[in-house]
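First the structure, in the form of structure tokens, and then the observations on it.
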Amino acid sequence: MLCNPHGLAYSVMALLGVGIAFDLLLAGDEVWTLTDPEAAYEATTIAGLDPALTAFASGVAYLATVVVFIIWFHRVRKNSDVWALDIHSRTPGWAIGAWFIPLANLWIPRQIAVDTWRASRPDPYAADGARELTLLNSWWTCFVGGLVVDRLSATLYKKAETLDAWTTAAAWSLAGYLFTIAAGVLAILFVRRLTSMQHTKATGMLSAAK
């Protein structure tokens, strides 16, 4: 049974936009750190409440985005069973559970996304077109890259005991934000494209049934 994913898709895209805005603000802080490390370090040390509040708000927005995105992801995965059940290597439940398995969550959700994409196109069993998966792969590369670099920068910040070490951590943190911002933009395009593909296919089914 098909379920309309449009409402969830709009919510996901809006939340991704909010997350991008927060990431731009936080990336600006890192740029300041790199251009004037002494002033930035002193300001953060003396009045660290504002950056902490921004980071907290960003975290809340990220959590909300994760929840709504996974619900949307599960819905489009279930929809795709209507068109090509045998094309999938995993059941719809994996569209939720795979995100919470350490390390495996770095590739299993992408596999589910690829299967869902293929099932949602006009001919699920056709060979992939040239650059057809470029958007999906670009989003996933930036998403994983952001996770890895963010983890590295957090570790460097915790160990930083000198201004130079703090600046190095800021540089990695900025790189992480750039990855995350790019992933956010690409995720919006991915959500919009896949939702549109399913809408077009569902509309075609309804027209053919009349």
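The values are calculated or read from the model by the stated rules, or taken from the named source; none is laboratory data. The shown structure was predicted, so the numbers you read here are calculated from the model rather than taken from an experiment. So basically every Cβ, Gly included, is an ideal-geometry build from the backbone, and we count neighbours across all protein chains shown.
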Is there any pair linking a residue in region 101-118 that is in a loop (DSSP other than H, G, I, E, B) to one that is among the aromatic types (Phe, Trp, Tyr), with Cβ under 9 Å and at least six apart or on different chains, and which? 107/140
Would you mention how many residues in region 137-160 are touching a Gly at 6+ places or on another chain (Cβ under 6 Å) and either of a type in the set (Asp, Glu) or surrounded by fewer than 16 Cβ atoms within 10 Å (Cβ to Cβ) (or both)? 1
Quick check: anything in region 38-53 at pLDDT 90 or above, over 15 Å from the mean Cα position of the chain (by Cα) and hydrophobic (A, V, I, L, M, F, W, C)? no
The one condition residue 4 fails out of (1) within 22 Å of residue 199 (Cβ to Cβ); (2) modelled with pLDDT of 95 or more is (2)
Residue in region 14-28 that is modelled with pLDDT under 95 and farther than 24 Å from residue 139 by Cα present: no
Would you be able to say whether some residue in region 79-99 is touching a Gly at 6+ places or on another chain (Cβ under 9 Å) and in a helix (DSSP H, G or I)? no
Is region 160-169 home to any residue that is of a type outside the set (A, V, I, L, M), part of a helix (DSSP H, G or I), in contact with a Ser or Thr (Cβ under 8 Å, 6 or more places away or on another chain) and in contact (Cβ under 8 Å) with a residue 60 or more places away in the chain? yes
Quick one: how many residues across region 112-136 are surrounded by fewer than 17 Cβ atoms within 10 Å (Cβ to Cβ) and of a type in the set (Val, Ile, Thr)? 1
Could you count how many residues in region 170-189 are crowded, with 21+ Cβ neighbours inside 10 Å and either touching a residue at least 60 places away in the same chain (Cβ under 8 Å) or over 16 Å from residue 19 (Cα atoms) (or both)? 6
Suppose the filter is assigned to a helix (DSSP H, G or I), modelled with pLDDT under 95, over 20 Å from residue 70 (Cβ atoms) and not aromatic (Phe, Trp, Tyr); does residue 182 pass it? no
Every residue in region 102-132 that is more than 20 Å from residue 66 (Cβ to Cβ) and aromatic (Phe, Trp, Tyr), please. 117, 125
Please tell me if residue 95 is in contact with a helix residue (DSSP H, G or I) (Cβ under 8 Å, 6 or more places away or on another chain), farther than 15 Å from residue 8 by Cβ, buried (at least 20 other Cβ atoms within 10 Å of the Cβ) and at pLDDT 95 or above. no
